[in-house]
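Colleague: Below you will find the structure I want to go over with you.
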Amino acid sequence: MRIDVVTIFPAFFDVLEVSLLGKARGAGILDVRVHDLRDATHDRHRTVDDTPYGGGAGMVMKPEPWGEVIDAIAGPATEPQDAATDDAPLFIFPSPAGERFTQATARELATEQHLVFGCGRYEGIDERVFAYASTRGRVRLISLGDYVLNGGEVAAMAMIEAIGRLVPGVVGNPESLVEESHEDGLLEYPSYTKPASWRGYDVPDVLLSGHHGKVAQWRHDQQVQRTRERRPDLLAD
Ligand code: ADE
C-alpha cells in the first residue's frame with residue numbers, strides 16, 4: 001500500500017520509522033512518503049495560510065500549495081470517471097467535521113492501494129481543495145472523534161496505524177487481529193500472563209483450568225460485561 005502524507009509538520013511522522021509500521025516500511029509492504037506543504041510555496045515566508053473571506057477568527061490554508069502537491073502526488077488530471085474508480089488514490093482529509101472513523105473504516109481503507117492524507121492546520125483548508133482533489137481521486141473527510149485537535153497530523157497518525165496494521169503482512173500473526181476490541185462489536189476480554197499470582201493479585205481460576213469451552217465462555221461473558229459497563233452505546237448498536 002502506498003501512503004502519502006501532506007503536512008506542514010513532517011517531523012510528526014518520524015515515528016512511522018519505528019515499531020511494526022517501521023518494519024513494514026523496511027519490508028516494502030508500506031510505502032510511506034511524507035511531503036512538506038511549505039515546499040510548494042514560492043514566497044520568502046513559505047506562507048500556507050491567509051485570512052478567511054467573510055471574516056471571522058483564525059486563518060485558512062491557501063489552496064495554491066495544496067494544488068501543487070496534489071498534482072505532484074496524483075499526476076495530471078484524469079477523466080472524471082477515472083478519478084472516481086478504485087484505482088485512483090483515495091484522499092483523506094482528517095477533520096472534526098468529517099464522517100466518524102471506526103474499526104470498520106480501518107478495515108475498508110486497508111484494502112486500498114493508495115491513500116493520501118492531507119493534514120490541515122488553523123481553521124481548516126480552503127474548501128476548493130477538496131473539489132480539486134476529487135478530479136484526481138476519491139475524497140473523504142474523516143474525524144477521529146467528537147473533539148478538536150490542533151491539526152490533522154495526530155489524527156492521520158492514528159488512522160495510519162489502525163489501517164496499516166490490517167494490511168496483510170504488517171502484523172506477524174494475523175490471528176491476533178481477530179480477538180480484539182471492536183472486531184466483533186464488543187470490547188476485548190481481559191488478558192493475563194505469568195506469574196499466576198502477583199503482589200496478591202491472582203489470575204482467574206478458569207484460565208488455569210485448561211478447559212477451552214469454559215475459557216471461551218468466560219471470555220465472552222467478560223466482553224459483554226465490560227461493554228455494558230464502559231460502552232453501553234455499542235450494545236445498543
Ligand atoms: N483535526 C482536528 N480535529 C480532528 C479530529 N477530531 N479528527 C480528525 N481530524 C481532526
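The values are calculated or read from the model by the stated rules, or taken from the named source; none is laboratory data. Everything numeric here is computed off the predicted structure, so don't read it as measured data. Glycine also receives a Cβ, built like all others from the backbone with ideal geometry; neighbour counts cover every protein chain displayed. Note: areas computed on protein heavy atoms with side chains; ligands, DNA, RNA excluded. Shrake-Rupley method; radii C 1.70, N 1.55, O 1.52, S 1.80 Å.
Colleague: So what is the calculated 222 nm ellipticity per residue for the chain, using -39500 (n - 2.57) for each DSSP H run with n of 4 or more, over all residues, to the nearest 500 deg cm²/dmol?
Modeller: Calculated at 222 nm, the ellipticity per residue is -9000 deg cm²/dmol.
Colleague: Then there is this: Relative contact order of the chain, please, whole-number percent, based on alpha carbon pairs below 8 angstrom and at least 6 residues apart.
Modeller: It rounds to 20 percent for the chain.
Colleague: Run down the aspartates and glutamates and flag those whose C-alpha is under 14 Å from the C-alpha of K62, throwing out any fewer than 8 positions away in its chain.
Modeller: Hits, sequence-local ones excluded: D39, D43, D49, D50, E123, D126, E127.
Colleague: Here is a follow-up. Mind jotting down the distance between the C-alpha centroids of the stretch 100-174 and the stretch 5-72, whole Å?
Modeller: Cα centres, the stretch 5-72 to the stretch 100-174: 13 Å.
Colleague: So, with a 1.4 angstrom probe, what is the percent of accessible area on the stretch 69-174 that is carbon and sulfur?
Modeller: 53 percent
Colleague: Next question, about the same structure. Mind listing the phi-derived Karplus ³J(HN,Hα) values for the stretch 65-74, rounded to whole Hz, using 6.51, -1.76 and 1.60 with θ = phi - 60°, and x for any glycine or proline?
Modeller: Computed from phi, the couplings for the stretch 65-74 are x, 4, x, 5, 5, 4, 4, 5, 7, 9 Hz.
Colleague: While we're looking at this one, here's another question. Tell me, what is the 1.4 Å probe accessible area of H211, in Å² to the nearest 10?
Modeller: Probe radius 1.4 Å; accessible area of H211 about 90 Å².
Colleague: While we're here: Where does helix 153-164 land angle-wise versus the long Cα axis of the chain, in degrees 0 to 90, nearest 10?
Modeller: So the helix axis and the longest Cα principal axis differ by about 50 degrees.
Colleague: Treating the beta-carbon of each Lys and Arg as +1 and of each Asp and Glu as -1, no other charges, what is the dipole magnitude of the stretch 1-61 about its Cα centre, to the nearest 20 debye?
Modeller: 180 debye
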